[in-house]
1. I need the full set of residues from region 1-32 which are more than 16 Å from Glu290 (Cβ to Cβ) and small (Gly, Ala, Ser), in order please.
2. Just to be sure, is Asp210 acidic (Asp, Glu) and farther than 30 Å from Leu400 by Cβ?
3. Does any residue of region 119-136 turn out to be more than 21 Å from Thr380 (Cβ to Cβ) and of a type in the set (Gly, Ala, Ser)?
4. In region 127-157, which residue that is without any contact (Cβ under 8 Å) to a residue 60 or more places away in the chain and not in a helix (DSSP H, G or I) is surrounded by the most Cβ atoms within 10 Å (Cβ to Cβ)?
5. Based on this model, can you work out whether Ala381 counts as within 22 Å of the chain's Cα centre (by Cα), in a helix (DSSP H, G or I) and over 30 Å from Met129 (Cβ atoms)?
6. Please name all residue pairs, on different chains or six or more residues apart, with Cβ atoms under 6 Å, provided the first residue is in region 94-109 and is under 13 Å from Met129 (Cα atoms) and the second residue is modelled with pLDDT of 90 or more.
7. Working only within region 158-210, note down all residues that are under 19 Å from Ser95 (Cβ atoms), assigned to a helix (DSSP H, G or I) and hydrophobic (A, V, I, L, M, F, W, C).
8. Condition check: touching a residue at least 60 places away in the same chain (Cβ under 8 Å) and either within 14 Å of Phe286 (Cα to Cα) or assigned to a helix (DSSP H, G or I) (or both). Does Gly321 satisfy that?
Amino acid sequence: MSPEILTWIIAAIATAAVILRPFSWPEAIWAISGAVLLVALRLLSPRDAFIGVAKGLDVYLFLIGMMLLSEVAREEGLFDWLAAHAARRAAGSASRLFLLIYGVGTIVTIFLSNDATAVVLTPAVAAAMRTAKVEKPLPYLLICAFIANAASFVLPISNPANLVIYGNDMPPLLAWLPRYGLASIVSIVVTFFVLRWTQRRELDQPVATDVAVPVLSRSGKTAAAGIAATAIVLLGCSAFDTQLGLPTAFAGAATALVVLALERKMPWKTLRGISWGVLPLVAGLFVLVEALDRTGVIGSVGTFLQQEAQRSVNGAAWGAGIAIAFAANLMNNLPAGLIAANAVRAAHASDQITRAILIGVDLGPNLSITGSLATILWLTALRREGHRIGAWAFLKLGVLVMPPALILSLAATLLH
């Protein structure tokens, strides 16, 4: 067996294990195991593995900052406060409650990333549903999964996959908004209406009007101010074409330190609450993609993309956007995004193709529960709250929700 084929097999098995989680082991174990096996079998040199890990530095820093912000906000009750306010403002209307939760999820995704929506907002919504005495909370919990992907390309900071696609060439904010602004609005609106339509029968249920809203403490208000300040800093960084990882990590650490100092708390509880396993998972995936790159397979994809673009840039963009959207559900959108990003750079692809690929990588995972890291994290949070949804049930819903949002979002960015 040639080294190239063996590399492909190991990468495929490791990626499948990340998605399927055999023995219920954490996803990071399988990604790291695949990376270590590639090095142990001398299919990838330690130096090249280190290069692969190093390519994710900006993503790691971004994730650390966002996870710190999210965990501090969760501990201080900010998300519970937001969800309870939404439940109270619904005034007994299930439809209004659905809209308000969707709005909160959109804001959290835009300014804190889709992973924060999955990890932190999901338990807050579950708690609010219990307070509102909602008998069937699943329609509201589904919002956390779908909006986490649908709103994830409003800003560069809305999804770590955006950093993966562009790498060091992230467009400034004033260039990003014209590229993705209209498509983002279309994605959010279409996803809302289709998801709302699919849940119309489940939403025919009473909602309590006497919802207790917890008092937001001084530290909770400080966490909210830290999130707002972070959003402003990152928008400024985007405007001046500065990498987002280090500013995000600094802002998250600064907010956490201020809140902990106000409450005179030690940091251990906050640090334990963070999903640190995300970092080795991402690092392992970067190594797997680096190995694939060394076999030439990504270069071949880039060459094919270049040839298709020579025939028709618009056709290549449509094809690439749709293909990567469905591929993300077969291998998860993070490795799919890494492969696509390297292929785009190898092909020197046009901005039109890059935009279509980013939308496919971000929005495509709304098809299945294995499509994105955010959806996997949402599923874990859902189970912790005592709720379950099967892969088939989610897929039947995703088939209705994702394709129209994808097609119309691609049209919005490619035809205007």
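1. Within region 1-32, Ser2, Ala16, Ala17, Ser24, Ala28 meet the criteria.
2. yes
3. So far as region 119-136 goes, yes, one or more of its residues are more than 21 Å from Thr380 (Cβ to Cβ) and of a type in the set (Gly, Ala, Ser).
4. Ala151
5. no
6. Once the first residue is under 13 Å from Met129 (Cα atoms) and sits in region 94-109, its partners that are modelled with pLDDT of 90 or more give Ile101/Tyr140; Ile101/Ile143.
7. Result: Ile188, Val189, Val190, Phe192, Phe193, Val194, Leu195, Trp197.
8. yes
The values are calculated or read from the model by the stated rules, or taken from the named source; none is laboratory data. None of these values were measured; they are calculated from a predicted model. We place every Cβ from the backbone using ideal geometry, glycine too, and count neighbours over all the protein chains shown.
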